[in-house]
Amino acid sequence: MFELPPLSLYIHIPWCVKKCPYCDFNSYAAQGIIPEDAYIEALIQDLKNDLCFVQGRSLKSIFFGGGTPSLFSPAGIGKILDLAASLLVFSPNIEITLEANPGTLEHKSFKEYQQAGVNRISLGVQSFQEEKLKALGRIHSTEETKRAIGSLLKADLHSFNIDLMYGLPNQTKEDALFDLKTALSFSPPHLSWYNLTIEPNTIFHQKPPILPIEEALWEIQDSGQNFLAANNLVQYEVSAYSTISPQNIDHQHQCQHNINYWEFGDYLGIGAGAHSKITHPQEKTVTRFWKTRYPKSYLTANPNFLAGSKIVPATELPLEFMLNGLRLAKGVSIPLFEQRTGLSIATIHPILQAAVEKGLLLIENHNQMILPTNLGKQFLNDLLSMFLPK
């Protein structure tokens, strides 16, 4: 039943100007000059090592994440893409995203990044209010954000994303709606709007800020979702919204890279601490592996960057698949479950039936889709816990 899924490439740039107090990503405040050339050399060797996992596929998407990838020059990003293109086949409509921080850019560079091969920017705005930015430890101002978005609009990009958070310290419903209204004034084709969570090993975990109580958080979320829907932004995932183009009803502004994650596709991860997930149809297995975590260690690890690997047990595959798939508003199809996990849907039928009886899931037989109900979306963690191996 296993079929080889689409393939994406994730490229991790671990440096940032300042580590945000809520951030639990593998990122590090840059000390002095970033070793851009040496890191690019390591990235390409890392990619060469992983070419055996491509298995004849073309790349669906590329995502530069971090850290702050826009700390690398357009020339450096272009070099990475050119070398990657010499080793891999790019799909004709490949999506290439670069994460950027409004506080670390010479905004004329957006055009240069586009000329280097980037066709989508994800801009880490988080809020349009100075006091909220300060509370989040962000280095940019509201004015810098607005200038950055103005420059984005002038660049010849396929798409761009504004990244916003809610549930911020001392945030009210009015504060959250102000951020959304300001974001929509720029007519973004894509919006990420997600709840601030306190993660272990962060400054906020050590010194927790005062966050909205649960009732206030629900009110913020409900009001925000209603506002976005009323302004023709379609929620296609728990925290992702996109516009519909009159010329293309397939929502071409949805993030194709993230959709590949959510639909349990394959991806290669290169760079310090990057993770990969690869399907082996012949062996009927799914393998996860990850690279050396610390930038200094990564730079000296050449030619072997591998830090560890794991074959996902068959008993864990249902949870792995549903963990992201049930975040999608449309849900996931039963044939896709069988293709990506190699398991018959019968193996999880008792779980599905129990979830339906609890009002957490719907199964639409006409197109064989599994999707969460509104109640299931509200209690997604409870729904997912039902798929834990017994």
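Only the coordinates and a few stated rules stand behind these numbers; no lab work does. Model, not experiment: these values are computed from the prediction. So basically every Cβ, Gly included, is an ideal-geometry build from the backbone, and we count neighbours across all protein chains shown.
With θ taken as phi - 60° and the coefficients 6.51, -1.76 and 1.60, list the Karplus ³J(HN,Hα) couplings across the range 295-311 in order, rounded to whole Hz; mark glycine and proline as x.
My calculation for the range 295-311 gives x, 5, 5, 4, 5, 9, 7, 3, x, 10, 9, 5, 9, x, 8, 8, 7 Hz in order.
Amide H neighbours of I96 under 5 Å, counting only residues 5+ apart in sequence or on other chains, H built in-plane at 1.01 Å?
When sequence neighbours closer than 5 places are left aside, the close amide H contacts are I62, N119, R120.
No other cysteine beta carbon under 4.7 Å away is the test; run it over the chain and list who passes.
So far as the 4.7 Å Cβ criterion goes, C16, C52, C255 stand without a partner in the chain.
Which shape class applies to the range 332-385: rounded if a/c is under 1.5, otherwise prolate when a/b exceeds b/c and oblate if not, where a ≥ b ≥ c are the square roots of the Cα gyration tensor eigenvalues?
Note, shape of the range 332-385 comes out prolate.
Kindly write out, for the range 333-346 in residue order, the coupling ³J(HN,Hα) from the Karplus curve 6.51 cos²θ - 1.76 cosθ + 1.60 (θ = phi - 60°), rounded to whole Hz, with x marking Gly and Pro.
Each residue of the range 333-346 in turn: 8, 5, x, 5, 4, 5, 5, 8, 10, x, 9, 6, 4, 4 Hz.
Which order do peptides 378-386, 41-49 fall in by mean Cβ count within 10 Å, highest first?
Packing proxy ranking, top to bottom: 41-49, 378-386.
Rounded to whole Å, give me the distance from the Cα center of the range 18-66 to that of the range 99-157.
Here the answer is 20 Å between Cα centres.
Quick one: Karplus J couplings for the range 158-163, per residue in order, coefficients 6.51, -1.76, 1.60, θ = phi - 60°, nearest Hz, x for Gly and Pro?
Per residue, the Karplus-derived 3J(HN,Hα) values read 5, 7, 8, 10, 9, 9 Hz.
If we sort 326-336, 354-364 on the protection proxy, mean other Cβ atoms within 10 Å, highest first, what's the order? Intermediate results must be reported in sequence, preceding the final value.
Working: 326-336: 18.2, 354-364: 16.0.
The most tightly packed comes first, giving 326-336, 354-364.
Could you check the simple spin-label distance between L83 and A216, using points 7 Å along Cα→Cβ, in nm with one decimal?
The answer from the label model is 4.9 nm.
Given the peptides 309-315, 59-65, arrange them by the average over their residues of other C-beta atoms within 10 Å, most packed first.
Descending mean neighbour count gives 59-65, 309-315.
Go through K146/K330; K79/K111; K19/K111 and tell me which ones have a Cα-Cα distance over 24 Å in this structure.
K146/K330; K19/K111
If one computes the Cα centroid of the range 304-353 and of the range 283-303, what distance in Å separates the two points?
23
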